[in-house]
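Novice: Have a look at this one.
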Amino acid sequence: MCGGAVVQSFTTTSNNNDNYADVEVWNDMEKLYIKVTANSSNTMEEIQLSYPFDSSLSGQAQNCNYQIDYNNTFDNGGIPFSTHTFEFELGEFETDWNKCDLESFALRVAGISGQPVFLQGQNDTVSGTYTQGQNTLPFTCDNVPTAVSYALHEICSGCDEETFSYEAIVAGTDLVKVVFTYDAAEPLEDAVVNFTFPQILDVSEEGVYTAPDGKQYIVNNDGNNTVLTWTGDIGCTDAEAISFEFEVMADCNASGKAQIWTDTKVNGESVKNDNTLNIRFYCSDQSIEETNEED
């Protein structure tokens, strides 16, 4: 199961308890983040980061001289600083990376009270042989650096289930107020939302209806409005749900009733559901009925 961002925290080690930096590592669906922050009484002058982690033997094997390749550096132009976040592109999920993939790194921080501080895993042990003249001799290194590992996480979108609802009341003689509420299954940019009001009087001015909440709608027929269209961004959580407020006059015909609203489409797809029936207005007794009858 995927979840939200998981932050893994570390503290650097040094030969002085007052000299350390805090390290936080997390990922989203696009990037890996490594944030380094000096403790409150210190600043940093340079961060050397080994990511992807790389270390190699320098010199003869029997000397056990392993070195880390610090392949990313940040120095703020020589100005001391207290925090910095490295960002690395992960690529496409399930193509370039998967959840639980391990990302390994090590770092060295310079400038905290003049003492360098390090972050890396426990030393590893490597055994092997080397050639000296005509002899093959064994060696064991017990100070081979290993990295800190972080397991990548799949991040849920954070969206709630798509919802669409309305409240309709009689607001005056033949006047119906309807407030629709909608949040999408995923964030939408420049969504086109069409509201169908089959039997209402003209609410537009020069082809535009300005709603009580300030939203502006393009109407399909100036003077005989049926479809009102709004374009904008829509969130995907209950907290980000967007509302659409209308006040429309019923077109009371000889039958004494008017179909106020019958459908709403978002990017061409109806969001109508079992709980959002057609809104019918009865002119004789100024009442509202919710029904899926067409007439």
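The values are calculated or read from the model by the stated rules, or taken from the named source; none is laboratory data. Owing to the predicted nature of the structure, the values given are computational and were not obtained by experimental measurement. Every residue, glycine among them, receives a Cβ derived from its backbone with ideal geometry; neighbour counts consider all protein chains shown. When the accessible area is computed, the model is the full protein with side chains, heavy atoms only, and any ligands, DNA or RNA have been set aside. Shrake-Rupley method; radii C 1.70, N 1.55, O 1.52, S 1.80 Å.
Novice: Would you be able to tell me the number of residues in the range 276-291 that are assigned to a loop (DSSP other than H, G, I, E, B) and either among the small types (Gly, Ala, Ser) or within 12 Å of Ile260 (Cα to Cα) (or both)? Don't jump to the end; show me each part of the working.
Specialist: Of the residues in the range 276-291, the ones assigned to a loop (DSSP other than H, G, I, E, B) are 276-277, 283-286.
Still in the list and also either among the small types (Gly, Ala, Ser) or within 12 Å of Ile260 (Cα to Cα) (or both): 277, 283-284.
Residues flagged as assigned to a loop (DSSP other than H, G, I, E, B) and either among the small types (Gly, Ala, Ser) or within 12 Å of Ile260 (Cα to Cα) (or both) within the range 276-291 amount to 3.
Novice: For the range 44-60, how many residues are of a type outside the set (Asp, Glu) and crowded, with 16+ Cβ neighbours inside 10 Å?
Specialist: 8
Novice: In the range 203-229, what count of residues is obtained for those that are free of Cβ contacts under 8 Å to residues at least 40 places away in the same chain and open to solvent by 30 Å² or more (accessible area, probe 1.4 Å)?
Specialist: The qualifying residues number 18.
Novice: Here is a follow-up. Only residues that are touching a residue at least 24 places away in the same chain (Cβ under 8 Å), of a type outside the set (S, T, N, Q) and more than 20 Å from Pro212 (Cα to Cα): list them for the range 249-262, please.
Specialist: Those that are touching a residue at least 24 places away in the same chain (Cβ under 8 Å), of a type outside the set (S, T, N, Q) and more than 20 Å from Pro212 (Cα to Cα): Cys252, Gly256, Lys257, Ala258.
Novice: Which members of the range 175-196 meet the condition of being of a type in the set (A, V, I, L, M, F, W, C), in contact with an Asp or Glu (Cβ under 8 Å, 6 or more places away or on another chain) and open to solvent by 50 Å² or more (accessible area, probe 1.4 Å)?
Specialist: Matches in the range 175-196: Ala185 only.
Novice: Failed condition for Asn63, given (1) over 21 Å from Pro145 (Cβ atoms); (2) open to solvent by 40 Å² or more (accessible area, probe 1.4 Å); (3) out of contact with any helix residue (DSSP H, G or I) (no Cβ under 8 Å at 6 or more places or on another chain), with all others met?
Specialist: Against the list (1) over 21 Å from Pro145 (Cβ atoms); (2) open to solvent by 40 Å² or more (accessible area, probe 1.4 Å); (3) out of contact with any helix residue (DSSP H, G or I) (no Cβ under 8 Å at 6 or more places or on another chain), Asn63 comes up short only on (1).
Novice: Now for a separate question. Please state which of the following conditions Thr146 fails to meet, knowing it meets all the rest: (1) in a loop (DSSP other than H, G, I, E, B); (2) at positive phi; (3) not basic (Lys, Arg).
Specialist: Here Thr146 meets the rest and fails (2).
Novice: Also: Quick one: count up the residues across the range 154-170 that are in contact with a Lys or Arg (Cβ under 6 Å, 6 or more places away or on another chain) and surrounded by 14 or more Cβ atoms within 10 Å (Cβ to Cβ).
Specialist: Residues flagged as in contact with a Lys or Arg (Cβ under 6 Å, 6 or more places away or on another chain) and surrounded by 14 or more Cβ atoms within 10 Å (Cβ to Cβ) within the range 154-170 amount to 1.
Novice: Please determine, by comparing only the residues of the range 6-40 that are touching a residue at least 40 places away in the same chain (Cβ under 8 Å), assigned to a loop (DSSP other than H, G, I, E, B) and among the hydroxyl-bearing types (Ser, Thr, Tyr), which one is nearest to Gln132 (Cα to Cα).
Specialist: The extreme case among them is Ser14.
Novice: May I pose another question? Taking interchain pairs and intrachain pairs at least six residues apart, which have beta carbon atoms under 7 angstrom, with the first residue in the range 100-126 and at positive phi and the second outside any strand (DSSP E or B) and open to solvent by less than 20 Å² (accessible area, probe 1.4 Å)?
Specialist: Cys100/Leu152; Ser113/Asn19; Ser113/Asn42
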